[in-house]
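Reviewing the structure listed below.
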There are 2 protein chains.
Amino acid sequence: MSASDRIAPTLRVALVGATGAVGTVMLRLLRSRALSASEIVPFASPRSVGRELDGGLVVQPLDDETIQGFDVALFSAGATRSREWARRFVDAGAVVVDNSSAFRMADEVPLVVSEVNPEALGSHGGIVANPNCTTMVAMLPLKALHDEFALVSMVATSYQAAGGAGQSGIDELAAQVGPLAADVQQLCDDGAAAAAKVEHSVHHATLAFNVVPLLGALGEDGHTDEERKLRDESRKILGIPDLAVSPLCVRVPVMVGHGVAVRATFAREVDLARALEVLAAFPGMVLDDVPTPLQYAGRDEVAVGRVRRDLADPRTLNFFVVGDNLLKGAALNTVQLAEALVQRGLLRSSRPADRASAA
Amino acid sequence: MSASDRIAPTLRVALVGATGAVGTVMLRLLRSRALSASEIVPFASPRSVGRELDGGLVVQPLDDETIQGFDVALFSAGATRSREWARRFVDAGAVVVDNSSAFRMADEVPLVVSEVNPEALGSHGGIVANPNCTTMVAMLPLKALHDEFALVSMVATSYQAAGGAGQSGIDELAAQVGPLAADVQQLCDDGAAAAAKVEHSVHHATLAFNVVPLLGALGEDGHTDEERKLRDESRKILGIPDLAVSPLCVRVPVMVGHGVAVRATFAREVDLARALEVLAAFPGMVLDDVPTPLQYAGRDEVAVGRVRRDLADPRTLNFFVVGDNLLKGAALNTVQLAEALVQRGLLRSSRPADRASAA
C-alpha cells in the first residue's frame, strides 16, 4: 500500500484500547461520522485479543508487525500503554491522537480541543494529545469568553461522573445503588453504616448517595493530579501561561456527564448580553437555562447555563457547564482531532517530508 | 403555673412542624439532649392534628388556647406558618427559635449558629432565627478562620442533599432511583430518555443519577433566593457586612448531608498549619482528610477537609465542608439555641421585665 493510497477517504485507523468505555464509543463514532475510515483495526490488552467486537472486528495484539501501515492511531488505553506504544506507531508512519495524560504537557505535543485551538495541530511531531475530560468540557465556554473579555483567573469546582473513571467506575457505582437504596432511612440516620455495606476500590469512598471530594492522587500541595491537570491543561489549551486556577475535583453519583461550576474573572468588565451572544455562537456548545449532566449524557454538545454576573465583581462571570465525558470529554474530541488532521492535510502519510522520514 | 415555675428544668416547649423531616429530628433531640424539657407539645398542620407521634405525644392544633404557657417554641413549618404564628407565641410569653427564612434578615432578630455567634442571642426581642442549612454548615470553619485571618470574600459552591427540601425531597429521589438504575446503559447513552421515565416536582429536574444546578426561585440577577441567603446570612452571622460572596447552590442525589466547596480569601496571608490548628480546635467540628456527606449523615459534627492553600493566592484557603442538614443544618442548631437561651437566662419567663410585659 503506497502512502497516497492511505490518505482519506482510504484511511487506516488503529484504535488502541478498543474494549474500554471510551474505546467503545470511539469505535461507534468512527463508523457513524464523516471520517470514513476504510479500515479500523482494534487493539486491546492481551486478555481481550481475539475477542470479536460489535460489527465483527477482531481485537489484535500490539506487536511490531500489527502496528504497521496506519494513517492514524487513536489511543485510549491509559498513560502506561501510551508511553510504551505511541512512539512506535509514529515511527511506523501514523499520527497518534492520545487520550491519556502521557504526553499532554510535553512542549512538542499539541493539546487540542477541536473547537478551541485546532491551529495547534499544525505543529505536531507525530503525537497530538486529547485533554482531560473535565478540562475539555470547561474549555468551550471559557474560550468563547476569553476571546471577548480576556481571561485572567478562574475557580473551577467539578461534579464528575463515575464514568470518568472508565467502565469500572460505572460498574462500581451501579453495584452500590441497590444495597443502599434498600434502606433509605439508614442513609438518613446512619450514613457511615450504610456506606460500609458496600465495597469500593475505583472511587475513593462509597459513591452511591454520596459525593467524594477526592479523585486522583493527592500531592504535597494538597491538590490532586486531576486538579493540577485542570490548571495546567487550561493554560496550555487557552494559551494563557499565567492563568490563575483554583480547582476542586469532586466525584458525584452520576453515570456519565461531567459538570463544572466556573467562576471566571476577566481583564475587562463583562457585559452579560454580549457574553450570552458569544456563548450561543460558539461551535459545539448550546445554551440551556439549567443544564444537567443526565440531560446531556449521549449528546455531542456541551451545554452551558446558570450564566450570571458575579454578585461582587463586574469583571467576573459565573456559569455551570456540562458535557458527556465519554463523548466531547473523550471519544468525540479524539475522533474530531483525527478528522481535523485529515482535513488539514496534517497526516504524516499526506506530507511528503514525513513520508520520506517514515520510509 | 407561675413564671418562676416555668424556667428550666421545668421547661414547656412547643414544637411547631413536629411531623416534618426536621421536626421529627427536633423531637428526638429534645428528648435525648440536656435540655430536659418538662413538657413537649407537638403542633402540625390540620391534617396531622390528633396523630400520635413516637412516644405517645399527640399533635395539637394551633389556636389561641393551645399556644399559651410555653417557655420556648421551636418552629420548623415553613416561612408562611412562622409569619402567622411566631409573634402570637411571643405575645403569649415564649421565645421562638424559628428554622424558616421568615425573620432571618430582620434587624431585631438574631441569626445564630450556636458555636459561632451565641452572644447575638442577648439582643433577641422574642424571636431568634436559625440559619439556612447550607449557610450553617459553612459558618463553623469560616468563623474559625475569620477570627485568625480576617475573611474578605468567598466562593461557595454547594452539593446539597435531597433532604434539604424536606421529606418530600427525600421521597422524590428515592422513587426515581429504582426505575433509572434498572437500565444503566440508558443512563450512559441517552440520559434525557432516562430522565423522562420518572416524575419530579420537588426538585427542578430528575435528581437520581444527576446533579441539578438550581434550587429555589431564580431572581433577576441570575441568582436564586437560596444563593442570596448564602451571601446575606453569612454576612449577618459573621458580622462582616461587606463580605463578598460568590454562591452557587446545586442539588445532588444524596439523601441527607450537605457539602460546600469553599474558597475563602482573607485580609492576611494564610498559614496552613495555623489554619488546621484553629479548625481542629473549633467546637462542633472535626477535621477529616476527605469528608463525605454520607459519612456524616446522622452525626452532630460538621467535618472539614481537603484544606489547602490556593494555587495562586497566598491569602486564600480552600476547603470542603460537610454536615448533616437535618442535624447541625437545622434541628440540632435549633435545639442548641434553645439550650443556650436557657443557660444564659434569656427566656422571657426568666426575665422580670419580659414577665411583666407578657403578663
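No lab work stands behind these numbers, since they all come straight from the coordinates. Bear in mind the structure is a predicted one, so any value in this text is a computation, not a measurement. Cβ atoms come from the backbone with ideal geometry, glycine included; neighbour counts cover every protein chain shown.
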If we hang a label 7 Å off Cα along the beta carbon direction at A:Pro283, how far is it from the matching labels on the other copies, in nm, shortest first? 6.2
Rounded to whole Å and sorted largest first, list the principal axis extents of the Cα atoms in the stretch B:134-285. 51, 35, 28
Chain A, relative contact order [Cα under 8 Å, separation at least 6], %: 20
Report the gain in length on full extension from B:Val290 to B:Arg47: 0.36 nm times residue separation, minus Cα-Cα distance, nm rounded to one decimal. 83.2 nm
Local net charge near B:Lys236, Cβ-Cβ under 14 Å (Lys/Arg +1, Asp/Glu -1): 0
Efficiency of FRET between A:Asp91 and A:Thr10 - r from beta-carbon atoms, R0 25 angstrom, step 0.05: 0.70
Sort shortest first the distances from A:Ala150 to its counterpart in every other copy, using label points 7 Å along the Cα-to-beta-carbon line, and give them in nm. 3.1
Using only the Cα atoms, work out Rg/Rh for the stretch A:275-316, with Rh taken as the Kirkwood radius, to two decimals. 1.04
Using a Debye calculation, one point per C-alpha and no hydration shell, please list log10 I(q)/I(0) for the stretch A:39-82 at q = 0.15, 0.19, 0.26 Å⁻¹ in order. -0.38, -0.62, -1.13
Beyond 22 Å, what share of the Cα-Cα pairs of the stretch A:61-133 is found? Please give it as a whole percent. 16
Could you please tell me the mean projected area of the C-alpha convex hull for the stretch B:233-359, averaged over all directions and given in square nanometres to one decimal? 10.7
Can you list, shortest first in nanometers, how far A:Gly122 lies from the same residue in the other copies, with each label 7 Å from Cα toward Cβ? 7.1
Counting residues in the stretch A:244-307 as N, plug N into 2.2 N^0.38 Å and put the Cα Rg over that result. 1.25
Checking a compactness column here: for the stretch A:197-275, what do you get for Rg(Cα) / (2.2 N^0.38 Å), N being the number of residues? 1.39
For chain B, count all C-alpha to C-alpha pairs, find those more than 33 Å apart, and express that count as a whole percent of the total. 31
With the calculation restricted to Cα positions, what are the radius of gyration and Dmax of the stretch B:149-235 in angstrom? 16.0, 50
May I ask you to derive the relative contact order of the stretch B:250-305, considering only C-alpha pairs under 8 Å and at least 6 residues apart, and to give it as an integer percent? 37
To the nearest 0.05, the calculated FRET efficiency linking A:Gln343 and B:Glu119 through their beta-carbon distance, R0 being 51 Å, is 0.15
Run lengths n ≥ 4 of DSSP H only: what is the helix-derived mean residue ellipticity at 222 nm for chain A, with -39500 (n - 2.57) per run over all residues, to the nearest 500? -9500 deg cm²/dmol
What distance in nm separates the simple spin-label points at B:Ala281 and B:Asp242, each placed 7 Å from Cα in the Cβ direction? 2.9
Relative contact order (percent) for the stretch A:105-259, with alpha-carbon contacts under 8 angstrom and 6 or more residues of separation? 33
Around B:Gln160, which amide H atoms from residues at least 5 apart in sequence, or from another chain, sit under 5 Å from its own amide H, with H modelled in the peptide plane? B:Val250, B:Arg251, B:Val252, B:Gly259
The convex hull of the Cα atoms of the protein assembly as shown, divided by residue count, gives a volume in Å³ per residue of 146
Inverse of mean 1/r across different Cα pairs in the stretch B:127-174, Kirkwood, Å: 13.0
Rule-of-thumb Rg ratio for the stretch A:53-199 [Cα; 2.2 N^0.38 Å; N residues]: 1.42
